[in-house]
Structures are given as structure tokens and as C-alpha cells.
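What follows is a set of notes on a single structure, which appears directly below.
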Amino acid sequence: MPLVLAFKLFAASHRFGHSRNAAMSVLLFALPRYLLVLLLCVAAYVIGCAVLRRLSFASLGERLSICTAFGLGVLSHLILLIGVVGRLTSSGVIVAIIAAVTASILFLRRPMHVSKGQRHDIQASRLKRFTLALGLIAAGFALFPVLLLPLYPPTDFDATMYHLAAPKTWLLAHAVIATPFLRFPIGPHSAYTLFAALMLAKDDIVPQIFSLTATGLIGIGLYGWGKRVYGMNAGILATAFWMGSPIVLAIAPVASYHALAALFAFGSIYAVATYATTRQIIWLFLAGAFTGFAQSTWPLSIFFLPILSVASLYFIFKERRGKPMLAIVGGIMLGWGPALVHAAWYTGNPFYPLLSEVFGTGPWWTAADFAGVGQSIYFFGLRHTFENFLILPYALVAHPDKFQAVETYSIGLFLLIPLVAIRSALDRYMRWLAAMVLFYVIAWFFFGQVMRYLILIVPVICIITALAICWLIDLIFARGSRWGSILVAVAALGLLVPSALFLRTEAASRGAIPMARDKRAAYIAARIPEYPAMTVVNKAPAPVYSLFGANGAYYADSIFMGDYVGPARYSDVLASFRDGQTLYSTLHRLGARYFLISRVEGLVPPLPNDSQFDSHFELIFVNSAAELYRIHDVPRIVPANHPNLLRNSGFDEIVNKSPTEWTRYGAPVVGAPENGAASGKFAVEVTDKDGLQQPVRVTPGDIYELELQAEADRPGRVFRLQVNWINKAGQICDVFIRVCTATRDWQRYSCKLTAPPCAELAQIYASGQSSDFVWLDSFVFKNETTKGSVH
């Protein structure tokens with residue numbers, strides 16, 4: 001396996017334009033990280049085999065998927081226990097895993113039970129094995145770019161805001177602790193404890209590889225499921241539907257709980273379905289355990305509890321015994337119990353963040369916070385009508401953007417719904433699975449129509465669709481017909497085409513894998529504009545409050561504060577903008593030592609313009625995306641105002657109907673609006689093609705402030721705060737642009753910016769942002785750098 005992986009990585013990197021040396025660098029970069037995930041999965045597999053030794057597996061794929069998934073759930077609980085007692089260190093995690101694996105190996109010393117199905121799998125015909133091997137090779141070459149995607153630095157919003165930020169906080173504390181300043185202070189732990197263990201051993205790339213591996217384990221499990229109930233063809237098609245869904249491979253390389261939760265949810269339904277055909281009670285225990293593991297990973301898995309409850313009641317009445325219920329409850333307590341205790345200890349609500357209306361909201365969030373997050377989910381999807389439910393398959397394919405997605409699932413899953421419905425009406429096994437899918441989709445339709453939330457049930461949709469297709473093929477050809485197998489092979493490869501195209505486009509758009517530190521920083525900064533400011537904070541790490549820009553949380557080496565909800569909610573800080581002392585008091589009470597303002601969303605009101613703000617807040621970094629201030633508890637001495645570096649800044653000196661010192665482009669209007677200029681007699685009316693500009697000599701690295709006043713005849717018109725930085729050769733080496741919206745009355749607008757190292761001149765613009773005219777006046781450009789400031 002490692003050699004195959006190494007070959008694919010080498011081929012992939014070479015295909016996308018790398019030289020041989022670069023391809024070898026990618027291989028050396030990737031291989032240790034993939035091997036680390038492989039070691040974790042081997043440990044999980046051994047543990048799973050030991051606990052589930054009494055189960056009869058029908059194929060190696062089934063055993064590999066189910067045992068590894070179960071072992072990962074056990075390891076997540078084990079690491080949680082280590083973290084709770086404050087031993088979340090490399091030595092603590094390694095000793096615990098080695099002890100668990102050693103105990104499992106000792107337990108497995110006796111020969112394992114091998115079912116008839118397994119013996120048949122081992123003795124499969126050479127032709128089938130050869131055909132399967134060729135198919136795997138073809139699929140591998142089609143999907144090999146997915147092996148590259150986890151190697152890019154994490155920049156996905158949810159991953160950097162919480163999925164990786166929480167484990168990093170735990171590692172800094174060497175313990176699993178509450179994270180009240182992050183989204184969800186007590187989240188489900190299973191994915192995050194495993195992420196923390198992997199990050200202890202290497203870096204943030206490994207959790208992304210782990211998520212991809214969990215996605216692959218579902219594919220292997222689908223093959224085993226299809227092979228068990230209908231044969232190899234069903235397994236191949238089910239796996240092809242799963243891996244042929246572009247959104248699955250878009251989620252797979254992201255370090256989040258989605259893939260692991262989907263693996264546990266798949267195991268839960270698979271175990272229930274297998275019990276229905278084998279009546280081995282341990283399968284019901286396993287179904288309960290997987291449901292608990294899923295709930296310990298992602299709260300949305302709660303929809304699987306009603307499914308298990310109905311299943312257990314059915315088996316109780318059918319078999320006239322209570323053992324099925326006891327098995328399921330025992331499994332749920334194993335899988336979910338540690339998370340329930342952990343949540344109850346911190347919040348008093350064992351089901352946190354669910355059922356807050358019954359058990360309370362905990363010490364950090366308010367009822368309004370929960371209501372706000374719940375309402376935000378309802379913004380996506382279609383209105384809750386019967387007609388919209390019927391057209392849901394079409395909408396998911398044609399308009400994925402309505403469901404907070406760019407990609408969608410395999411279109412074949414939607415096109416073949418009528419065939420699945422027909423087959424379900426004729427087959428009880430299919431009917432039960434289809435009923436589970438229908439229940440989940442209805443709950444999803446009314447709870448929150450976000451595309452990725454469907455990933456928990458999509459594996460079941462894949463298997464029932466594959467079973468329906470194989471049934472239809474057997475009606476056309478005799479079962480076991482060579483032509484039927486050929487048709488399945490061709491169809492499976494065709495199903496992989498959308499994912500293959502997505503992967504090639506995605507890999508090409510991301511460019512070369514950034515392995516060097518400077519290239520990694522540039523890659524992250526291009527996707528997280530606040531990242532350069534975070535690197536300044538990390539030179540002397542201390543708690544930082546970020547007004548917006550929560551996706552920078554992972555890249556802070558200290559406490560990161562700021563969100564729409566929780567104890568450091570934005571509304572409290574924005575309310576304190578009325579004066580500098582109030583703003584300082586609010587941030588000081590939170591414990592912040594830095595104040596980061598993200599300008600990406602353009603939602604920040606003007607900062608306090610008074611002596612208290614200047615004495616407590618020292619600007620140490622600024623660019624077009626962010627401003628970073630150091631907070632001083634002892635008020636510092638602020639020098640007198642620096643002079644305005646612009647000449648004729650109010651446009652009142654006119655020669656030949658044009659302001660002196662300014663260079664005109666286009667045809668800006670020099671005059672005054674009906675209510676007069678902001679200062680003096682004249683102002684200028686500009687558009688994006690009609691404006692003025694003036695050069696000013698600057699010092700590289702110094703911090704400057706640009707200020708002006710603006711108004712418009714009609715509200716909503718936009719203009720630019722723009723400075724082009726000019727180097728010694730007279731060429732533009734950097735550009736600062738911030739778009740603002742004018743009002744009907746004169747209003748002050750300002751921004752601060754750092755002269756880049758290449759800058760000799762700053763070209764100041766009086767410019768609009770569109771073809772609509774905006775009045776501008778009273779420009780100020782001054783050097784704000786004080787002696788001793790740190791940049």
C-alpha cells in the first residue's frame with residue numbers, strides 16, 4: 001500500500017508540471033504523513049478486530065471498514081480520557097495507544113473465526129480478481145489527484161475557525177478543555193481528539209489526510225456491503241456512486257468532522273441491516289456503538305437515534321425478547337457515554353449543544369445565541385412545501401448554491417430514484433433501507449437544507465441505488481452473466497468521471513503544493529487575508545480579539561476571541577465603539593492584548609477618534625484586509641498630530657478649473673454639491689473613470705493614515721480609498737484599495753496602511769468605484785509611525 005501510494009503521488013505531482021526534483025520533494029513531504037495515518041488506522045483495525053472477533057464478516061473489505069471504524073471510535077474515547085486528566089502529550093498518547101494495541105493482540109492470539117463468505121472471497125475466481133484489479137487501477141488513475149489535495153495548508157473556513165482551532169487549543173494546554181471563545185465551547189470530541197493526536201505527531205496536514213482516509217473507508221465498506229447482499233457488482237457500483245460524487249471528494253481533504261461522522265453513520269445502518277439477515281446480536285450492539293460514535297462526532301447524527309429506536313422495537317416485537325433493545329442501548333452508551341459525561345460536566349446539559357431549551361444553555365451561550373445559529377441554517381434551500389420536496393432532486397443538481405454548495409452528489413443517485421422506488425416496493429430489505437433514507441431526508445428538509453448535511457445518509461443511498469441497478473441488469477441478462485459484469489464495469493468508470501474532472505480542476509486551480517515556509521504563508525494569505533496580521537501576533541503570542549475574521553483562529557498561537565455568539569460576541573465590542581475608553585475597558589475585561597480588525601467584510605464602523613483610543617491602542621500592522629493594534633494597559637504618550645503630506649488637500653486652489661497639485665484623469669467635476677463642500681468652497685465629484693491623483697514620498701515600513709470626507713446625491717453609491725505604491729523604477733509594486741459606501745450627508749472615512757518594503761512613493765487617488773458620481777473632499781494623508789513602534 002505505501003509503495004502504491006508513493007507511485008501515485010509521484011505520478012500526480014509530475015503530471016501537474018513539477019520537475020523530477022519537485023516531484024520527489026512532494027513524495028518525501030507526503031509519505032511520512034500518509035504513513036502516520038496508516039499507523040493510526042492499523043492500530044484502530046487491531047483494536048476493532050479484538051472487540052468484534054465474534055462477528056462473521058463476508059469479505060475482507062467489510063472487515064477492514066467496520067473494524068477500523070470501530071477502533072477509531074474507541075481510540076477517540078481513549079484520547080479524550082487522556083486529555084481530561086491532563087496528559088495530552090506525545091508520550092501520553094503513544095503509551096496509551098501501544099497499551100491498547102498490545103492488549104488487543106494478546107486477545108487475538110487465538111485463531112479468528114472465518115465465515116463461509118470469507119472463504120469464498122479468498123477462493124474467488126482468478127478472472128474476477130483480475131477484473132477487479134484492473135478496475136481498481138483505472139479508478140486509481142482517475143482519482144489520484146485527491147491524494148494531493150490534503151497536502152495543501154488548511155484554509156477552509158470551518159476548519160480554521162473551529163475544527164482545527166479546538167484541537168490546537170487543547171495541545172497548547174496539554175489537556176481537553178473548554179474553548180468558550182471558539183464556535184461551540186464544548187463540541188463533540190471524536191474527530192478532534194484524533195486530530196489532536198495526529199497533530200502531536202506531525203502537523204495540520206495529517207488531519208486532512210485522515211479525513212480523506214475516513215472517506216475511503218466508507219468506499220471500502222460499501223464494496224463489502226454490496227458484495228455481502230448481492231455480489232461484487234453491487235459493491236463496485238455502490239463504491240463508484242460514493243467516490244463519483246464531486247462534493248464527497250470536495251469535503252474529503254478538509255479537516256472536519258464530516259467524513260468521520262459519515263463513516264460512523266454508515267456503520268450504524270450497515271450493522272442494523274446485517275443483523276436483519278444474520279440475527280447475530282452483536283451487530284445490534286455495533287449499530288448502537290456506531291450511532292453513539294457518530295453523535296460524539298457531529299450533533300446532526302441525532303437523526304439516527306429514531307431510526308435505531310424503531311428498528312429495536314421492530315426486532316423486539318418480532319423476536320419477542322428484549323435483548324435487541326439491551327444490545328442497542330449498551331452500544332449507544334459505549335459510543336456516546338463519554339461525550340454525554342463530558343458535556344454535562346462543563347455545561348449541565350449532557351446533550352449540548354442539543355436540547356438547550358430543556359437542559360439549559362450552559363455558562364457561555366445564551367438562548368438568543370442558539371436561536372440565531374438555528375435561524376441561520378434556515379436561510380438555505382427551498383421553502384418547506386410539498387411541491388418543493390418533490391422537486392428536491394432536481395434542485396440539488398441544478399442549483400447546489402441554494403444549499404450552500406458548489407458541487408453536488410453523483411447525478412445518477414437522483415436520476416435513478418424511480419428505479420429505486422420500484423425495487424423497494426418489491427423487496428423488503430430495500431424497502432427498510434429506503435424508509436430510513438426517506439426519514440432522514442424529510443428531517444433534513446425541515447431542519448437545515450445544507451448540501452453537506454446529507455453526507456451522513458448518502459452511503460445508504462449509494463447502496464440501494466447499486467442494488468436496484470444490479471436487479472435490473474439481472475432481469476435483462478442472466479445473473480452472473482459476463483455481459484452484465486462488463487456493463488457494471490463500464491458504468492462504474494463512467495460514474496467516476498465527474499469526480500475526476502473536479503479533482504483535476506481543483507488541483508490545477510490550487511497550483512503547486514506549498515512545502516516551504518514562505519510559500520505556505522503566501523498560499524494561506526491569499527485565502528485568509530487576516531493571516532499576515534496573525535503572523536505579527538505570533539511573534540509575541542498573547543490573547544487576541546478579532547472583530548470578524550474568525551477563520552484566523554487556528555493560526556493564533558494564543559487565545560483567539562471573537563464570534564457572533566459566546567462571551568466575546570461582536571455585538572458587545574461594536575457597542576463599545578462610542579469612545580476609546582469604553583472600547584479599551586471591554587477588550588481589557590476579556591483579557592485581550594491585541595485587537596485585530598478584519599476589513600474583508602466591510603462591516604466595521606469608524607473607530608473612536610479620541611485621545612483615549614490613541615493612548616491605549618498602538619497600530620503595529622495594517623494592510624487592505626486587516627488592522628492590528630497592541631493594547632496598552634498603561635496609557636502611552638501620543639505625540640502631536642503629524643502634518644498632512646498632501647498639498648491642496650481640500651481642492652480649494654483652482655487653476656484653469658482644475659485643483660493644483662493634483663493630476664486629473666477623465667473628467668471629474670470641480671464644484672460643490674447643493675449643501676456645500678465639507679470644507680472650504682470646493683469638492684470634486686468622481687467616478688471610477690473620472691478622478692484625481694497625487695504622489696507623496698513615503699518611508700517603507702512606516703504606517704500612514706488616509707482620511708477623506710464623502711457624500712452622494714443618492715445613498716448607496718460607492719467610492720474607493722486607494723493608494724498605489726510606486727517603487728524606484730516608477731512602477732506599481734503594491735496596491736491598497738478599500739471600498740466604502742457614501743451617504744447623503746458628508747461623512748468622514750479613514751483607513752490605515754503600511755508602506756511596503758518596495759515603496760518610494762504613494763499615489764493617492766480621489767476615485768469612485770462605479771460609473772455613479774460621488775463627492776469627495778478634505779483629504780488627509782499623514783505618517784502615523786511613532787519612534788519605537790514595532791512593525
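The values are calculated or read from the model by the stated rules, or taken from the named source; none is laboratory data. Quick caveat, the model's predicted, so the values are computed rather than measured. Cβ atoms come from the backbone with ideal geometry, glycine included; neighbour counts cover every protein chain shown. Surface areas here come from the heavy atoms of the whole protein model, side chains and all, with no ligands, DNA or RNA. Shrake-Rupley method; radii C 1.70, N 1.55, O 1.52, S 1.80 Å.
Average projection, convex hull of the Cα set of region 510-557: 3.6 square nanometres. The Cα-based radius of gyration and maximum Cα-Cα distance (Dmax) for region 364-464 are 15.2, 52 Å. Its alpha carbons give region 259-310 an Rg and a Dmax of 10.2, 30 Å. Subtracting the Cα-Cα distance of Ile417 and Cys758 from 0.36 nm times their residue separation leaves 116.7 nm of extension gain.
Relative to the first principal axis of the alpha-carbon coordinates of the chain, what is the inclination of helix 428-447, with its axis defined by its Cα atoms, in degrees from 0 to 90 and to the nearest 10? With both axes taken from Cα atoms, the answer is about 20 degrees.
In this simple spin-label approximation, Gln375 and Ser750 carry label points 7 Å from Cα along the Cα→Cβ vector, and these lie 3.4 nm apart. Using only the alpha-carbon atoms, how far is helix 458-476 inclined from the longest principal axis of the chain? Give it as 0 to 90 degrees, nearest 10. It works out to around 50 degrees. Note: region 615-656, Cα convex hull, 111 Å³ per residue. Between Ile302 and Ala368, the modelled labels are 2.3 nm apart [label points 7 Å from Cα along Cα→Cβ]. For region 184-325, the average shadow cast by the Cα convex hull is 9.7 nm², which is a quarter of the hull's surface. Per q in 0.13 Å⁻¹, report the Debye log10 I(q)/I(0) for region 428-480, using one uniform scatterer on each alpha carbon and no solvent. Log10 of I(q)/I(0), two decimals: -0.41. Residues of region 224-265 with backbone nitrogen within less than 19 Å of a virtual label 7 Å along the Cα-to-Cβ line of Ile476, please, listed as ranges. Counting only backbone N, you get 231-241. With both labels modelled 7 Å from their Cα along Cα-to-Cβ, the Thr663 to Leu106 distance reads 8.1 nm. Of the cross-linked pairs Lys168/Lys539; Lys657/Lys681; Lys752/Lys782, not one is separated by over 19 Å at the C-alpha level. For the chain, the longest principal axis of the alpha carbon atoms and the long axis of helix 281-295 meet at an angle near 0°.
Once Rg and the Kirkwood radius are both taken over the C-alpha atoms of region 470-551, their ratio Rg/Rh works out to 1.41. In the distance distribution for the chain, Cα-Cα pairs more than 44 Å apart total 36 percent. Whole angstrom only: what separates the Cα centroid of region 412-479 from the Cα centroid of region 47-106? What the calculation gives is 32 Å, centre to centre. In region 659-784, the ratio of gyration radius to Kirkwood radius, Rg to Rh, stands at 0.97 when only Cα atoms are counted. One Cα centroid belongs to region 173-227, the other to region 716-791; the line between them spans 44 Å. Across the accessible surface of region 187-266, with the other protein chains kept in place and a 1.4 Å probe, carbon and sulfur atoms take up 60 percent. The length gained by stretching the chain between Ala522 and Phe439 to full extension, at 0.36 nm per residue less their Cα-Cα distance, is 25.3 nm. The spacing between region 626-666 and region 153-167, judged by their C-alpha centroids, is 39 Å.
Computed with a 1.4 Å probe over protein heavy atoms only, the accessible area of Tyr45 comes to about 60 Å².
Can you give me the accessible area per residue for the chain, using a 1.4 Å probe, in Å²?
42
Put simply, the C-alpha atoms of region 290-423 give a gyration tensor, and the ellipsoid matching it has half-axes of 31, 27, 13 Å, longest first. Subtracting the Cα-Cα distance of Lys689 and Phe359 from 0.36 nm times their residue separation leaves 112.8 nm of extension gain. Give me the log10 of I(q) over I(0) for region 444-582 at q = 0.16 Å⁻¹, as the Debye formula computes it from C-alpha points; what are the numbers? Debye output, listed in q order: -1.04.
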